[in-house]
1. Taking the conditions exactly as written (in contact with a Phe, Trp or Tyr (Cβ under 7 Å, 6 or more places away or on another chain) and either small (Gly, Ala, Ser) or closer than 19 Å to Gly220 by Cβ (or both)), does Gly91 satisfy them or not?
2. Pull up region 285-311, narrow it to residues that are in contact (Cβ under 8 Å) with a residue 40 or more places away in the chain and assigned to a helix (DSSP H, G or I), then point me to the one that is nearest to the chain's Cα centre (by Cα).
3. Which of (1) at negative phi; (2) surrounded by 15 or more Cβ atoms within 10 Å (Cβ to Cβ) is the odd one out, the single condition Gly301 does not satisfy?
4. Hey, can you tell me all the residues within region 68-83 that are of a type outside the set (Asp, Glu) and without any contact (Cβ under 8 Å) to a residue 24 or more places away in the chain?
5. If Gly245 satisfies every condition in (1) of a type in the set (Gly, Ala, Ser); (2) within 21 Å of Leu213 (Cβ to Cβ); (3) surrounded by 14 or more Cβ atoms within 10 Å (Cβ to Cβ) but one, which is the exception?
6. Hey, among the residues in region 151-206 that are closer than 29 Å to Trp274 by Cα, part of a helix (DSSP H, G or I) and among the small types (Gly, Ala, Ser), which one's nearest to ligand 1 (Cβ to nearest atom)?
7. Of all residues in region 103-134 being out of contact with any helix residue (DSSP H, G or I) (no Cβ under 8 Å at 6 or more places or on another chain) and of a type in the set (Val, Ile, Thr), which is surrounded by the most Cβ atoms within 10 Å (Cβ to Cβ)?
8. When you look at Ala258, is it farther than 29 Å from Pro80 by Cβ and either away from ligand 2 (no atom under 13 Å from the Cβ) or within 15 Å of the chain's Cα centre (by Cα) (or both), yes or no?
Amino acid sequence: MKGLLEGLAVRTFGLGSAFGSMLFFFSAGASAFFVMTLLNPLRSMVNGEMSELLPPEGTVERWAWDFVSTTVLESKLAPPFPPSKWAAPAGRWLLTQPGRPVELVQRTERKKAAKPGALKDTAKRAEVLHTFLHHELQAAELMAWAILAFPETPEPFRRGLLGILRDELRHMGLYRAHLETLGHPFGSMPIKDWFWERVPGASVTPLQFVARLGVGFEGGNLDHGARFTGFFAAAGDARAAEIQGQITEEEVAHAAFALHWFRNFAGEIEFEKWRVMLPEPISPSMTRGKPINLEARRRAGFPEAFLAALAAWGTQDE
Ligand SMILES: [Fe+2]
Ligand SMILES: [Fe+2]
């Protein structure tokens, strides 16, 4: 854990070794921030006083921290039930990277997209399912990240994030069980922390978070999920198709949640307002599939003008 924390601090803030390992802690609702010197993984210095660095034991925030930070595969895939108590007062605990068990090896080379016809091959199908499970894992971790990063947001927002996090854990479990029946358990193939590289950040706002992850990538998942449900069925894997169909259906509520809070934070949902929230070099075309799942997106609450602009994006600009 200490190594992880040191890595986080140095990677995010570029602090030199003269400071030892350091983390920033932002007090909720206060503009001042405190620099905390990490003496050991569990204790820290705040303005000269010994203080707990981590969220208090027994709180949702500590559970979220532990889930993101753990380097134990089983704790990552099937964490314990979250507690009902929230930290009071809520603090800002900023995580910059997830803990990765040794079983999860980062992929360095680019991966070619699987052709639908190739999915009859069990290993190829498992590769796609393995990637999808890792998407779910990153989504779950990023919900936990947001719970810890945005203590100033309304409580229903953070409770909603926790609810979605638990959905994502369930989705992971569905893929995980099927991957095992295919003989390719999670961890048997390399991973890429693509969403971690694009969604969070010390200066990311709650609006940017929902715009990127919920409206952008979870919205896109409605398109991709429907397409792959068909691909898995065509490949003769009825169980994979059933899982994919169920998950895609459940993602409608996740996109709806993001749209609701986008509206709450920034008013009407407009394509241009959303587009400028995407991190470079992500363009709207990277948040849609072919075809766009208009039926599911409409149910999630995407405005018609938004969907038209999303469909048109790149037909002239790219
Ligand atoms: Fe999911
Ligand atoms: Fe989701």
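Laboratory data are not the source of any read-out in this text; all were calculated from the coordinates shown. Just so you know, these numbers come straight off a predicted model, no measurement behind them. For neighbour counting, all protein chains shown are included, and Cβ atoms are generated from backbone atoms with ideal geometry for every residue, glycine included.
1. yes
2. Thr287
3. Of everything listed in (1) at negative phi; (2) surrounded by 15 or more Cβ atoms within 10 Å (Cβ to Cβ), Gly301 misses just condition (1).
4. Across region 68-83, the qualifying residues are Ser75, Pro80, Phe81.
5. For Gly245, the exception is condition (2).
6. The selected residue is Gly163.
7. Checking each candidate, the answer is Thr131.
8. So Ala258 fails the test.
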